[in-house]
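S.K.: Structure provided below as structure tokens; questions to follow.
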Amino acid sequence: TTSGGEWKLSGSNPGNDGPDSIRYVLASGQLQQIQTVQFTPTQLPDEVRITLLRSPVREGDQVVAYNKRVEGVADLDGDGRPESLDVAIYTRVIGTEKIETALGEQLEAVRVETHVVERVIYSKTGQAGPVVDIVGVDWLARQLGWVARDQPSVSKDGQIRVGKERLVGADLGAQGAFGNSGGPVTLTNPTTSPEQAGLALAMQQPSAVSDGDRVLLIGTPPVVDYSYRPLLTLLNSRGEVQWTRLGPAGARFAAPLGSGWVLWGNLDNGQVTVFRLDA
């Protein structure tokens, strides 16, 4: 469900703990999960905004959402005084990988890990106990949003259990998930791209020609080097960058021929060539 700039994902029994819901917001190029946390009975609840993705999406991107020492842990060292607890919450973008939905479909999705890291500080000695790292995973696909989630929970006996949720179906309309947010979408090159590998696409004066359900962007590099070689970017049917590379010197126009072939013209010397987009 949506309300203003927020989304709410509701479940009948996530984590086998009964009905629950999670709030999300998309603003200023960031997708954030809004969660209320309370790690000890005496701690006042804190509202935490956990950044799952931010534009441009980059592998290895890490954002700290929470870093705090809280009081009120039950006495563990026998001195009759409560212990303290150091808690940190951070997210890390792992990268794009294949994920299987509940119906067996393979989807390309971005894997994001959310870490909740805890350690007890003993009142008797002031020493820290062992570090406990509880890791949850979200997979998000372009135009679909969430397609899978591994959600950890801690049972009353202290055991960590992981609930696995997988997409069964989606009816998101033509714009896809978050399509009505009004926010810009940054095109990002894959790490295998010959030019601008892993970086947000940068190009001057782009024009476009279509080849079936694909689009070839033709522009000039962001920094002029006087080689007069155009910058070419191929987008697939989902609007994702397949590659960015430099074209031949002096090229001025292109036209699709179908089946992946593009007619290439050079107005400086009258040469006209063809090339394959997948070559």
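S.K.: So in region 115-150, with the set limited to residues that are of a type in the set (Val, Ile, Thr) and under 26 Å from Leu187 (Cβ atoms), which one is surrounded by the fewest Cβ atoms within 10 Å (Cβ to Cβ)? Write out each step before concluding.
M.R.: Here is the first cut: in region 115-150, the ones of a type in the set (Val, Ile, Thr) are 116-117, 120-121, 125, 131-132, 134-135, 137, 147.
Next, from what is left, pick out any that are under 26 Å from Leu187 (Cβ atoms): 137, 147.
On the way: Val137: 17, Val147: 23.
Among those residues, the one meeting the criterion is Val137.
S.K.: Here are Pro152, Pro130: which of them is modelled with pLDDT of 80 or more and not in a strand (DSSP E or B)? Give the derivation first.
M.R.: Working: Pro152 fails: not in a strand (DSSP E or B).
Sole residue among the options that is modelled with pLDDT of 80 or more and not in a strand (DSSP E or B): Pro130.
S.K.: So, one more: Counting just the residues of region 47-98 that are hydroxyl-bearing (Ser, Thr, Tyr) and more than 15 Å from Val137 (Cα to Cα), which one comes out modelled with the highest pLDDT? Step through it out loud before you land on a result.
M.R.: Narrowing region 47-98 to residues hydroxyl-bearing (Ser, Thr, Tyr): 51, 55, 66, 84, 90-91, 96.
Those left that are additionally more than 15 Å from Val137 (Cα to Cα): 55, 66, 84.
Numbers: Ser55: 86, Tyr66: 96, Ser84: 93.
Filtering first and then ranking leaves Tyr66.
S.K.: Could you go through region 91-104 and let me know if any residue there is in the same structural domain as Val25 (by TED's automatic domain parsing), loosely packed, with under 13 Cβ neighbours inside 10 Å and over 22 Å from Gly239 (Cβ atoms).
M.R.: For region 91-104, residues in the same structural domain as Val25 (by TED's automatic domain parsing), loosely packed, with under 13 Cβ neighbours inside 10 Å and over 22 Å from Gly239 (Cβ atoms): present.
S.K.: Report, by residue number, each residue of region 202-259 that is modelled with pLDDT under 85, within 24 Å of Arg58 (Cβ to Cβ) and among the basic types (Lys, Arg).
M.R.: Arg238
S.K.: What is the residue count in region 157-178 for residues that are at pLDDT below 70 and surrounded by 14 or more Cβ atoms within 10 Å (Cβ to Cβ)?
M.R.: 4
S.K.: Same structure, new question: Please enumerate the residues belonging to region 28-45 that are exposed (fewer than 13 other Cβ atoms within 10 Å of the Cβ) and of a type in the set (A, V, I, L, M). Before you say what the answer is, go through the steps one by one.
M.R.: Let us first name the residues in region 28-45 that are exposed (fewer than 13 other Cβ atoms within 10 Å of the Cβ), namely 28, 36, 38, 41-42, 44-45.
Once the filter is applied, which keeps residues that are exposed (fewer than 13 other Cβ atoms within 10 Å of the Cβ) and of a type in the set (A, V, I, L, M), region 28-45 yields only Leu44.
S.K.: Next question, about the same structure. What number of residues in region 46-90 are part of a loop (DSSP other than H, G, I, E, B), among the acidic types (Asp, Glu) and surrounded by 13 or more Cβ atoms within 10 Å (Cβ to Cβ)? Show your work before the answer.
M.R.: Our first condition is that a residue be part of a loop (DSSP other than H, G, I, E, B); within region 46-90, this holds for 55-61, 74-82.
If we keep only those that are among the acidic types (Asp, Glu) as well, we get 59, 61, 75, 77, 79.
Cutting the leftovers down to surrounded by 13 or more Cβ atoms within 10 Å (Cβ to Cβ) gives us 59, 61, 75, 77.
Here the count works out to 4.
S.K.: Please go through region 186-200 and give me each residue that is at negative phi, assigned to a loop (DSSP other than H, G, I, E, B) and touching a residue at least 24 places away in the same chain (Cβ under 8 Å), ordered by number.
M.R.: Taking region 186-200 as the starting set, the residues that turn out to be at negative phi are 186-195, 197, 199-200.
Restricting the remaining residues to those that are assigned to a loop (DSSP other than H, G, I, E, B) gives 186-187, 189-195, 197, 199.
The answer is Thr186, Leu187, Asn189, Pro190, Thr191, Thr192, Ser193, Pro194, Glu195, Leu199.
The values are calculated or read from the model by the stated rules, or taken from the named source; none is laboratory data. Every value quoted in this text rests on a predicted model; they were computed, and no experiment measured them. Using ideal geometry, Cβ is built from the backbone for each residue, glycine included, and neighbour counts are taken over all protein chains shown.
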